[in-house]
Amino acid sequence: MIEDGQGKRAISGIKGTKDILPNEVAEWQSVEGRCRGIFELYGYRELRAPILEATELFERSTGQTSDVVTKEMYTFTDKAGRSITLRPEYTPSVVRSIIENRLFLQPEPMRYYYIGPMFRYDKPQKGRYRQFHQADIEVFGEKDPAIDAEIIEMAHRLLSELEVADAVTLVNSVGCQNCRPGYLEELRSQVERVREALCADCQRKAVANPLRIFDCKLETCRKLSESFPRIIDFLCAECEDHFKRFRSYLDFYKIPYRIEPRLVRGLDYYTKTAFEIISGKLGAQNAILGGGRYDDMMRQFGGPDICGIGFAMGMERLLSVVKPRIQKRNFIYLVYLGDEAKKAAMGLAGYFRKYRLECVLEFKDKGLKNQLSRANKLEASWVLIIGDEEVAKGRFQLKNMKTAEQREGNREELLKILLENQSR
Ligand code: HAM
């Protein structure tokens with residue numbers, strides 16, 4: 001609560017942001033753990049870049065014509081007059097970090113991952129937030145289309161471990177610097193014929209970068225774009241060959257996919273392979289993950305000529321389609337009566353915690369009945385009862401809350417029981 005002219009009023013969280021509450025965090029940690037486990041299984045290492053970056057980083061990579069840069073960035077001027085942006089995506093940060101830290105000189109595999117928050121000032125709706133989280137992976141220096149297929153296979157492995165059913169893989173090629181200009185020329189002339197019928201935003205895109213018209217979500221623009229030429233019909237021999245071999249590796253992995261010729265992804269840096277995995281369970285914002293190849297970014301940033309490919313998965317969207325599998329916490333609630341017993345309980349909790357057993361103590365000086373009912377409410381697995389008599393004898397009562405079985409013992413005996421049950 002804050003006081004202002006009108007008295008006290010509550011402060012709400014920022015629109016489009018969400019608190020991840022303790023009862024949800026267990027599921028987040030479990031899914032994040034699965035992501036890390038799978039990524040590391042394929043040789044990825046974590047790289048943690050800052051949330052704040054120079055605005056120019058995204059302008060020069062994500063792209064001056066992308067919706068992300070033109071409309072969605074959280075940008076501000078810092079006290080030294082620099083333009084700073086809360087990262088809307090992670091890929092440009094990894095590329096910057098590799099160049100700045102000269103990671104390309106190291107023998108480590110150039111495979112990096114990261115899980116963390118991103119920021120986009122988009123219209124919030126189900127599955128679309130202003131602060132959201134991505135699990136992002138990037139590979140550098142692998143030209144072979146086998147890697148394009150391997151990262152999709154890795155995503156499928158993760159989704160299948162998380163029991164995400166009905167995910168559909170969409171693939172396309174967006175060509176390269178050699179074949180795209182010819183395609184854009186043809187696209188421009190086709191767009192020109194229907195320009196008046198496009199929304200104001202797409203009319204601007206028609207001049208700046210007509211490829212971005214395919215990102216428009218308005219039904220009229222979508223319908224019109226169906227008649228536009230398809231980039232896969234304009235690929236140069238190298239892109240064509242890459243796309244063909246990429247698909248043959250997907251077949252090798254037995255990954256079903258659909259070619260989606262209008263999938264151009266909303267970001268300007270892609271070359272050759274572009275893909276998305278969507279889920280029918282997600283509604284309008286149906287992409288669980290999206291990615292592709294970006295062979296020119298490192299060079300364009302003044303680094304070595306090293307190609308890149310990767311994807312980012314929306315964690316909120318992923319969590320909304322995974323089967324929850326929260327494990328109930330296994331913990332001991334210590335009940336005590338009197339000051340001596342309180343100190344004994346504190347000592348016992350310290351002893352059990354050394355063995356990684358979770359203990360909960362509360363300091364409210366309530367009676368036995370109240371403490372037991374509190375333990376029940378918290379769904380404690382065990383209750384340890386400590387009174388003056390127990391302290392004097394050094395023997396305590398341990399109650400299994402599931403079976404109601406009660407055992408007596410000194411702390412070593414009770415530890416043995418607790419550890420035996422812990423692993424079950
Ligand atoms: P993106 O398609 O912009 O790609 O985002 C990737 C994923 O992040 C989406 O498929 C979606 O699941 C999630 N996402 C995006 N915006 C939001 C939002 N406002 N709210 C909730 N979830 C969202 C990229 O960001 C590229 N950096 C991916 C990449 C990596 N390409 C190559 N390497």
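The values are calculated or read from the model by the stated rules, or taken from the named source; none is laboratory data. These numbers come from a predicted model, not from an experiment. Neighbour counts run over all protein chains shown; Cβ positions are idealised from the backbone, glycine included. Remember, those area values only see protein heavy atoms, side chains included, never the ligands or the DNA or RNA. Shrake-Rupley method; radii C 1.70, N 1.55, O 1.52, S 1.80 Å.
Filter the strands (runs of 3 or more DSSP E) completely within region 98-190 down to those with at least 1 residues that are among the charged types (D, E, K, R) and touching a residue at least 12 places away in the same chain (Cβ under 8 Å). It would help to see each step written out before you state the result.
Values: elements: 111-119, 131-140, 167-173.
Strands (runs of 3 or more DSSP E) meeting the threshold: 111-119, 131-140.
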Given the conditions (1) crowded, with 21+ Cβ neighbours inside 10 Å; (2) away from the ligand (no atom under 13 Å from the Cβ); (3) outside any helix (DSSP H, G or I), which single one is not true for Cys239? (3)
Filter region 18-66 down to residues that are of a type outside the set (A, V, I, L, M, F, W, C), open to solvent by less than 80 Å² (accessible area, probe 1.4 Å) and under 20 Å from Lys323 (Cβ atoms), then give me how many there are. 8
Of (1) touching a Gly at 6+ places or on another chain (Cβ under 9 Å); (2) under 29 Å from Ser227 (Cβ atoms); (3) open to solvent by 30 Å² or more (accessible area, probe 1.4 Å), Ala200 fails just (1)
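Can Pro88 be described as closer than 30 Å to Lys15 by Cβ, open to solvent by 10 Å² or more (accessible area, probe 1.4 Å) and near the ligand (Cβ under 9 Å from one of its atoms)?
On the way: closer than 30 Å to Lys15 by Cβ: yes; open to solvent by 10 Å² or more (accessible area, probe 1.4 Å): no; near the ligand (Cβ under 9 Å from one of its atoms): yes.
No.
Considering only residues that are part of a helix (DSSP H, G or I) and away from the ligand (no atom under 12 Å from the Cβ), which ones fall in region 276-327?
If we filter region 276-327 for residues that are part of a helix (DSSP H, G or I), which is where we start, we get 280-282, 297-300, 315-321.
Within region 276-327, Gly280, Lys281, Met298, Arg299, Gln300 meet the criteria.
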Test each condition in (1) open to solvent by less than 60 Å² (accessible area, probe 1.4 Å); (2) acidic (Asp, Glu); (3) within 14 Å of the ligand (Cβ to nearest atom) for Glu142 and report the one that comes out false. (1)
